[in-house]
Amino acid sequence: MRPPFDPTLYLVTDTELCSPRPVADVVRAAVAGGVTAVQVRDKHASRRDLLALTRAVRDALADRPDVPVVVNDAVDVALLAGADGVHVGQDDLPAVEVRALLGPDRLLGLSVESADDLATALRLPPGTVDVVGLSPVWATPTKPEAGPGLGLEAVGELVRTAHAGGLLAVAIGGIDAGRAAAAAATGVDGVCVVSAVCAAADPHAAAATLRAAISPAAAR
C-alpha cells in the first residue's frame, strides 16, 4: 500500500542553498512551518553522500510520518534509505522500469515539460506513476536546463489533462511567495519550491508564508 501523499507544499532540497545549515535542519524547520512533502535532491552528491543525506532527512522527520520523503532520480538510494518514493525526469530511468524496482508500495513522480510528455505518461500502465511535476512554470536558476517557463495557462491545461487521467499534478519552477497563489490557482494538487525555502533566512517562516498563500484556510 502506497503511503498517503499530500503535495500541497512540496519542498525540493538544494544542499548549496541550505548551506552552511544542514539540509535536515532546514527540512525540519520547513515542515514545522507547513511543508507537507519533501524531495531530497542533490545533483552533485555521490551516491554515498546522497544516501547519508536522505537518511538524515528521514531521521529529522522521524516524528512526522505523515510527511513523505522522496528521492530525486536515485532509485537505489531510495530503496536503501527506506524512502517513500522516487521522482524521475524525462532523461532518467524509464518510469515503468523504476516502478518495477520500487514495487507497488512506494510513490513515483515524473517530470513533465510538455503536453507530449504528459500524453506519454498517461499511456503508461495504470499505477506506474502517481504524480507528475509540471516543469517549469516559470524559468528558474535552480534548474536552467529546464528552459523557458510553461506559463500559467498551459499549466492549467496540463493539470486538467492529468486529473482526467487519474494523476496528481504539482507545479515547480520559479515559484516563490509572490507567485505561489497564482500557481495554486491553476488547479494543481500542490506547489513545489526550492530556493524560496532553502535560501530563506528563516525556513519555518518562509514555509508558513507559502502555505498561507496557497491554502489560507489550512494556515489559520
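Results, tabulated for the structure shown:
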read-out: Local net charge near P65, Cβ-Cβ under 11 Å (Lys/Arg +1, Asp/Glu -1); value: -1
read-out: Inter-centroid distance (Cα atoms) of the range 21-65 relative to the range 96-127, Å; value: 24
read-out: The range 76-141 shape via C-alpha gyration tensor axes, a/c threshold 1.5; value: oblate
read-out: Charged-residue dipole, Cβ positions (Lys, Arg, Asp, Glu), the range 9-219 about Cα centre, Debye nearest 20; value: 320
read-out: Prolate/oblate/rounded label for the range 1-100 (Cα gyration tensor, a/c 1.5); value: oblate
read-out: Computed over the chain: relative contact order in percent, which uses C-alpha pairs under 8 Å that are six or more apart; value: 23
read-out: Dipole-positive endmost among A60, L107, V75 within the chain (Cβ charges, Cα centre); value: A60
read-out: Cα convex hull of the chain, projected area averaged across orientations, nm²; value: 10.8
read-out: Value of [θ]222 nm, deg cm²/dmol, for the chain, DSSP H segments ≥ 4, -39500 (n - 2.57) each, nearest 500; value: -11000 deg cm²/dmol
read-out: Pairwise FRET efficiency - D63 versus R123, Cβ, R0 = 30 Å, nearest 0.05; value: 0.15
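Laboratory data are not the source of any read-out in this text; all were calculated from the coordinates shown. Please read all numbers here as calculations on a predicted model, not as lab measurements. Glycine also receives a Cβ, built like all others from the backbone with ideal geometry; neighbour counts cover every protein chain displayed.
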